[in-house]
1. Along the Cα-to-C-beta direction of Leu21, a point sits 7 Å from the Cα; which residues of the range 59-73 have their amide N less than 15 Å from that point?
2. Roll a 1.4 Å probe over the protein heavy atoms and report the accessible area of Leu42 in Å², nearest 10.
3. Any idea what the dipole of the chain comes to, in debye rounded to 20, about its Cα centre with Lys/Arg Cβ at +1 and Asp/Glu Cβ at -1?
4. Could you work out the helix-only [θ] at 222 nm for the chain, with each DSSP H run of four or more residues adding -39,500 (n - 2.57) and the total divided by the number of residues, to the nearest 500 deg cm²/dmol?
5. Using only the Cα atoms of the range 1-64, build the gyration tensor, take square roots of its eigenvalues as a ≥ b ≥ c, and label the shape rounded, prolate or oblate: rounded if a/c is under 1.5, else prolate if a/b is larger than b/c, else oblate.
6. What figure in square angstrom, to the nearest 10, would you give for the accessible area of Phe79 with a 1.4 Å probe?
7. Taking a probe of 1.4 angstrom, what is the accessible area of Arg22 in Å², to the nearest 10?
8. Magnitude of the Cβ-charge dipole of the range 51-106, K/R +1 and D/E -1, about the Cα centre, nearest 20 debye?
Amino acid sequence: MGSVAKKGLQQYLSQLQEHPLRTKIITAGALSAISDVTAQKLSGIQKLQLKRLILKVLFGAAYLGPFGHFFHILLDKLFKGKKDTKTVAKKVVLEQLTSSPWNNFLFMIYYGLVIEG
């Protein structure tokens, strides 16, 4: 089993190098699906709400994946490729103070207007 997981990770990292935007879009959509299915099950919903699931996957794939991709490219340019621990911490703080509140705000608007109506 360990070799299967290792091979899967290697394949994923290979796709990330070859097709970064496409891979991040698919990953964001898949993670959105997993998180929504989990949330629906934990909240006691008996029958999976497919419309809600699809709309969340669309948000993840159409917005979160591309936004994260281009935002991290911008961060790499701002910090000129530095990879030390201090720089990583600065990137995390900058992301948490700028894009995270924006993404949460946008998701709440999307959830309220599009998903819940």
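The values are calculated or read from the model by the stated rules, or taken from the named source; none is laboratory data. Model, not experiment: these values are computed from the prediction. In this analysis, Cβ positions are derived from the backbone assuming ideal geometry, glycine residues included, and neighbour counts consider all displayed protein chains. Note: accessible area is taken over every heavy atom of the protein model, side chains too, but ligands, DNA and RNA are not part of it. Shrake-Rupley method; radii C 1.70, N 1.55, O 1.52, S 1.80 Å.
1. Taking a point 7 Å out along Cα→Cβ of Leu21, the residues of the range 59-73 whose backbone N falls under 15 Å are 61-73.
2. Answer for Leu42: close to 150 Å² accessible.
3. That gives the chain a dipole magnitude of about 260 debye.
4. Working: 6 runs with 89 residues, N = 117.
Dividing the helical sum by the residues of the chain leaves -25000 deg cm²/dmol.
5. On the way: a/c = 4.27, a/b = 1.58, b/c = 2.70.
Oblate, since a/c reaches 1.5 and b/c is not below a/b.
6. Phe79 exposes around 40 Å² with every protein chain in place.
7. Here the residue's solvent-accessible area equals roughly 120 Å².
8. Values: 10 positive and 3 negative charges, 13 e Å.
That gives a dipole near 60 debye.
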